[in-house]
Amino acid sequence: MSPSRPRSLLAAAVAALTVAATIVVAGPSAAAAAGTGTGYLRTSGNKIVDSTGATVRLTGINWFGMETDNKTFHGLWSSNPWRSQIDTMARLGYNTLRVPFSDDALKAGATATGINDYINPDLVGLSPLQILDKVVDYTGTKGMRIILDRHRPTAAGQTALWYTAGVPESTWIANWQALARRYAGNPTVIGADLHNEPHAEGTNPAATGSCWGCGDPARDWRLAAERAGNAILAVQPNWLIFVEGVSCPSGGLSNIWDNDPSNDEDCGWWGGNLSKAGQFPVRLDVANRLVYSPHEYATSVYHQSWFDDPSYPANMPAIWDKYWGYLYKQNIAPIMIGEFGSTLQSDVDKVWLRELLAYTGTGVTGMSFTYWSWNPNSGDTGGIANDDWTTVNTTKQAIIQPYLIAPVPTGGPTTTPPTEGCTVTYRQDNAWQGGFQGSLTVKNTGGAAVNPWTVTWTWPSGVTLGSGWNATVTQSGTGVTATAPGSSPSLSAGASVTIGFVANGPASAPATVKLGGVACS
């Protein structure tokens with residue numbers, strides 16, 4: 001996925017079809033692991049299991065930025081500290097973080113930009129990799145796992161092949177080995193998503209893009225995935241190797257101008273077509289390390305023909321079966337949907353998200369996934385975070401929530417999220433004919449910081465705000481809002497803030513006081 005431009009996709013028609021997939025149960029059912037389990041992960045049939053053999057389901061989210069010109073996570077410019085953003089992801093139930101990066105971010109002397117140094121002073125002067133180190137360490141304390149995603153050779157944009165003239169295959173593999181060595185011994189980092197969205201380029205028979213099973217070492221993504229995967233496993237045999245699909249197995253676009261539909265290839269999303277992986281599987285030197293990772297999107301990204309099928313959404317399971325679901329249903333390998341998302345502005349897309357998640361299955365034995373994205377600045381999908389990088393898109397979250405397996409912090413299991421609550425004390429400091437002065441003290445009695453904090457209250461009709469201090473205080477109708485100053489945006493658990501004001505009208509105590517939308521007592 002590219003945050004800087006819409007995805008160019010293939011408009012290949014998909015005929016409605018039925019895939020006969022044999023469902024095989026992977027031996028005796030293993031116990032479910034708490035959160036993401038313990039130790040390094042491996043595969044067993046179509047399951048991911050931990051070091052004890054317990055089944056693990058990765059239910060994660062993408063946090064992009066390290067693949068862009070900023071060379072580090074987006075949203076570090078916001079008023080929400082980076083740790084607080086990870087806290088929210090974990091609290092919502094995302095147990096895995098997929099981190100896109102470009103090879104530019106790994107270069108010696110690479111500089112991270114777009115950081116609010118007041119909010120994130122601990123990141124000032126750090127390189128992109130040093131910031132990643134801190135994110136890895138903190139994410140680990142939340143019980144979350146990290147998948148590294150080589151998103152692009154450079155920050156300039158997506159590429160059809162895994163290499164360019166400036167970033168040859170040798171650099172791609174060497175950089176992966178360097179990352180594997182860097183995080184060796186740290187099971188928070190569980191694996192490598194080798195290259196993001198290999199896809200077709202050029203018109204057949206003059207294809208120049210990534211193919212699957214065509215046998216050309218310069219274009220066959222399956223063979224390249226084997227070379228890179230085995231090179232990584234040679235230095236870090238404990239990692240999982242995540243392999244995406246292509247768009248068209250031939251690596252080229254069909255000639256739609258020849259008026260011969262019989263020659264038109266059946267293509268899918270960039271990175272989303274694993275239809276040839278059964279016939280031409282990725283072969284790794286270390287057993288039980290391969291996870292196939294397709295991408296899947298809705299109409300806000302591109303209006304594929306299958307969305308117009310009269311039987312929609314009943315037609316979708318057969319399409320997913322054909323492109324990648326058969327690998328799971330036939331017990332060939334686990335599936336981890338590396339990207340899927342939508343703005344959800346269309347009812348078609350809302351149906352798509354519900355149906356896709358239902359297709360993945362419920363509970364710990366379902367298919368794994370990482371939603372695109374945490375970032376609100378993904379142009380054609382939006383994010384789970386709203387534009388303030390703090391509050392959450394509740395519509396999306398409500399659909400995804402039932403499928404999330406919450407992480408377990410390393411300090412021990414947490415059965416309930418931090419409580420939210422507040423108490424309020426009001427004091428009238430002065431009064432005169434036609435006006436009064438007061439101070440409202442709000443205490444955060446919840447179990448986590450409110451960042452940035454906002455206090456709201458109501459006044460009777462006829463009472464109007466004159467001025468306020470210790471916050472930016474505004475009024476609309478009978479409602480008053482006090483927002484945190486930029487110099488002190490966070491209200492820690494157990495801390496208090498006092499908001500002073502002068503008002504016009506009869507002296508009146510603030511009513512229905514709320515902190516961050518939570519009513520105070």
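Listing for the model above:
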{"read-out": "Region 171-202 residues near the modelled Ala110 label - backbone nitrogen below 15 Å, point 7 Å along Cα→Cβ", "value": "171-183, 193-196"}
{"read-out": "Crossing angle, helix 221-235 versus the chain [Cα axis fit, 0-90 degrees, rounded to tens]", "value": "70 degrees"}
{"read-out": "0 to 90° range, to nearest 10: angle between helix 82-92 axis and the chain longest Cα axis", "value": "80 degrees"}
{"read-out": "Modelled FRET efficiency - R0 25 Å, Gln279 with Thr171, Cβ distances, 0.05 increments", "value": "0.25"}
{"read-out": "Per-selection Rg to Rh, region 420-521 - Cα, Kirkwood hydrodynamic radius", "value": "0.96"}
{"read-out": "Accessible-area composition of the chain, carbon plus sulfur, in percent [1.4 Å probe]", "value": "53 percent"}
{"read-out": "Extreme residue, positive dipole direction of the chain, given options Phe369, Val167, Tyr40 (C-beta unit charges)", "value": "Tyr40"}
{"read-out": "Label point distance in nm, Ala31-Asn377, each placed 7 Å from Cα along Cα→Cβ", "value": "4.5 nm"}
{"read-out": "Fraction of the pair-distance distribution of region 325-453 above 21 Å, Cα-Cα pairs, percent", "value": "61 percent"}
{"read-out": "Ser467/Ser346 FRET efficiency (R0 60 Å; Cβ-Cβ; nearest 0.05)", "value": "0.85"}
{"read-out": "Alpha-carbon Rg with Dmax, taken over region 80-126, Å", "value": "13.2, 36"}
{"read-out": "Degrees between helix 169-182 axis and first principal axis of the chain (Cα, 0 to 90, nearest 10)", "value": "50 degrees"}
{"read-out": "Percent antiparallel among DSSP beta bridges (both partners in region 180-313, rounded to 5)", "value": "10 percent"}
{"read-out": "Segments 425-433, 459-467, 326-334 sorted - mean Cβ within 10 Å per residue, highest first", "value": "326-334, 459-467, 425-433"}
{"read-out": "Length gained when the stretch Ser305-Thr395 is fully extended (0.36 nm per residue, less Cα-Cα span)", "value": "29.8 nm"}
{"read-out": "Three-way shape call for the chain based on the alpha-carbon gyration tensor, with the a/c threshold at 1.5", "value": "prolate"}
{"read-out": "Greater than 20 Å apart at Cα, pairs in Lys134/Lys443; Lys47/Lys134; Lys107/Lys134; Lys443/Lys514; Lys142/Lys329", "value": "Lys134/Lys443; Lys47/Lys134; Lys142/Lys329"}
{"read-out": "Label-to-label distance, nm, for residues given as Asp216 and Ala178 (7 Å Cα→Cβ offset)", "value": "3.0 nm"}
{"read-out": "Ordering of 164-172, 284-292 by packing [mean C-beta count within 10 Å, highest first]", "value": "284-292, 164-172"}
{"read-out": "Values of log10 I(q)/I(0), in the order q = 0.14, 0.15, 0.24 Å⁻¹, for region 356-406 under a Debye, Cα-only, solvent-free model", "value": "-0.39, -0.44, -0.93"}
{"read-out": "Förster radius 41 Å - calculated FRET efficiency between Ser496 and Asn186, Cβ distance, rounded to 0.05", "value": "0.60"}
{"read-out": "Paramagnetic reach from Thr512 in region 454-493 [backbone N under 16 Å; point 7 Å along Cα→Cβ]", "value": "455-463, 475-482"}
{"read-out": "Among 89-101, 204-216, the order from most to least packed when residues are scored by Cβ within 10 Å on average", "value": "89-101, 204-216"}
{"read-out": "Cα shape, region 88-159, gyration tensor, a/c 1.5 rule", "value": "oblate"}
{"read-out": "Ellipsoid equivalent to region 254-374 - semi-axes via the Cα gyration tensor, in Å", "value": "24, 21, 13"}
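The values are calculated or read from the model by the stated rules, or taken from the named source; none is laboratory data. Owing to the predicted nature of the structure, the values given are computational and were not obtained by experimental measurement. In this analysis, Cβ positions are derived from the backbone assuming ideal geometry, glycine residues included, and neighbour counts consider all displayed protein chains. Calculation scope for accessible area: heavy atoms of the full protein, side chains included, ligands and nucleic acids excluded. Shrake-Rupley method; radii C 1.70, N 1.55, O 1.52, S 1.80 Å.
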